Amino acid sequence: MKIRKANITVQSGMIGDVYLHENKKEQHTLVAVPELEWSTIISYEEEKKALAQRLLQSFSKLIDEEPAGELAGKISHWVAEM
């Protein structure tokens, strides 16, 4: 498991830690953001652009558009480099 620092300010405070767990056997990565009570599973086969869009849509339901886009971009990048 890897823990990354997002350091994104939202209305409710600060989004700090983002947890990433890579499951090589099942070929996916579990991502969790405790401050938002949010998690998802990302398949190795999911394209980066589609992933960023999916994350943005999900985060936009929880936080404002600007921090949602920033968080989606960071998570997409972190998952791609794993």
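A short reminder: the numbers here are calculations on the coordinates, not readings from a lab. On a predicted model such as this, the values are computed, not experimentally measured, just so you know. In this analysis, Cβ positions are derived from the backbone assuming ideal geometry, glycine residues included, and neighbour counts consider all displayed protein chains.
Listed values, structure above:
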{"item": "Residues satisfying the stated conditions in the stretch 42-82, i.e. free of Cβ contacts under 8 Å to residues at least 12 places away in the same chain and within 18 Å of Ser12 (Cβ to Cβ)", "result": "Ser60, Lys61, Glu65, Glu66"}
{"item": "Complete set of residues in the stretch 1-21 that are hydrophobic (A, V, I, L, M, F, W, C) and surrounded by 15 or more Cβ atoms within 10 Å (Cβ to Cβ)", "result": "Ala6, Ile8, Val10, Ile15, Val18, Leu20"}
{"item": "Residue list for the stretch 17-53, restricted to those being over 12 Å from the mean Cα position of the chain (by Cα) and assigned to a strand (DSSP E or B)", "result": "Glu22, Asn23, His28, Ser43"}
{"item": "Members of the stretch 40-53 that are under 17 Å from Leu20 (Cα atoms) and surrounded by 13 or more Cβ atoms within 10 Å (Cβ to Cβ)", "result": "Thr40, Ile42, Tyr44, Glu46, Leu51, Ala52"}
{"item": "Selection status of Gly73, exposed (fewer than 15 other Cβ atoms within 10 Å of the Cβ) and in contact with a helix residue (DSSP H, G or I) (Cβ under 7 Å, 6 or more places away or on another chain)", "result": "yes"}
